[in-house]
Amino acid sequence: MAFAPTQNSVDYFTWIGNYAIKGLFVCDDTAKITLVEMGWPGSIHYIWVWLNINVNLSKEIYFRNKEYLLGDLAFSASMVMVPAFQKSPNDTLSEERKYFNTKLATG
């Protein structure tokens, strides 16, 4: 089910108390922006933006075999999204996973 944009100002109020418009940017391996998705209310989580944009809904058009995006902890793993590793509350990440997250965060 796609999210229907709204004109209600409360929807643009974020959880930290600011008004905002959400945007999602996709960059290639050289940091060149290849996709911009703007205009989502600030109260919406980034995962909802991702789940409802064409690049995710029509993966077969945007991704060829073995192509994927790297995302931060806000995203869930899928056939086209590889997010950072999350640490369990009473656990630690392996050195390999820490290394991956560091490389992901630093480009």
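The values are calculated or read from the model by the stated rules, or taken from the named source; none is laboratory data. Bear in mind that the values here come from a model prediction, so they are computed numbers and not experimental data. With ideal geometry, Cβ positions are generated from the backbone for all residues, glycine too; neighbour counts draw on all protein chains shown.
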Exercise for the section: Under 6 Å between Cβ atoms, at least 6 apart or on separate chains: pull out the pairs that start in segment 59-79 with a residue that is among the aliphatic types (A, V, I, L, M) and end on any residue that is assigned to a helix (DSSP H, G or I). Expected result: L70/L104; A74/Y46; A74/I47
Fill in the blank from the handout: Residues in segment 89-103 that are surrounded by fewer than 13 Cβ atoms within 10 Å (Cβ to Cβ) and in a helix (DSSP H, G or I) total 5
Exercise for the section: Might you check whether a residue that is surrounded by 15 or more Cβ atoms within 10 Å (Cβ to Cβ), farther than 22 Å from N101 by Cβ and of a type outside the set (D, E, K, R) occurs anywhere in segment 63-77? Expected result: yes
Handout entry: Among (1) closer than 16 Å to G71 by Cα; (2) loosely packed, with under 14 Cβ neighbours inside 10 Å - the single one W50 does not satisfy
Key = (2)
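For segment 31-40, state whether one or more residues are acidic (D, E) and either surrounded by 13 or more Cβ atoms within 10 Å (Cβ to Cβ) or assigned to a helix (DSSP H, G or I) (or both). Working first, answer last.
Narrowing segment 31-40 to residues acidic (D, E): 37.
Add one more test, that the residue is either surrounded by 13 or more Cβ atoms within 10 Å (Cβ to Cβ) or assigned to a helix (DSSP H, G or I) (or both), and what stays is 37.
Looking for residues that are acidic (D, E) and either surrounded by 13 or more Cβ atoms within 10 Å (Cβ to Cβ) or assigned to a helix (DSSP H, G or I) (or both), one finds at least one in segment 31-40, hence yes.
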Problem - Cβ-Cβ under 8 Å pairs, at least 6 apart or on other chains, segment 81-93 side β-branched (V, I, T), far side outside any loop (DSSP other than H, G, I, E, B) - result: V82/L69; V82/L70; V82/G71
Completion exercise
Taking segment 76-107 and keeping residues of a type outside the set (S, T, N, Q), out of contact with any helix residue (DSSP H, G or I) (no Cβ under 8 Å at 6 or more places or on another chain) and modelled with pLDDT of 90 or more leaves A77, V82, P83, E95, E96, R97, K98, Y99, F100
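Of all residues in segment 13-31, which are under 14 Å from L69 (Cβ atoms) and without any contact (Cβ under 8 Å) to a residue 24 or more places away in the chain?
If we filter segment 13-31 for residues that are under 14 Å from L69 (Cβ atoms), which is where we start, we get 24-29, 31.
Within segment 13-31, F25, C27, D28, D29 qualify.
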Exercise for the section: Please find, within segment 62-72, the residue that is modelled with the highest pLDDT out of those that are in contact with a helix residue (DSSP H, G or I) (Cβ under 9 Å, 6 or more places away or on another chain) and in a loop (DSSP other than H, G, I, E, B). Expected result: F63
Exercise for the section: Tell me, yes or no, whether segment 44-67 has at least one residue that is in contact with a Lys or Arg (Cβ under 8 Å, 6 or more places away or on another chain) and farther than 16 Å from P83 by Cα. Expected result: yes
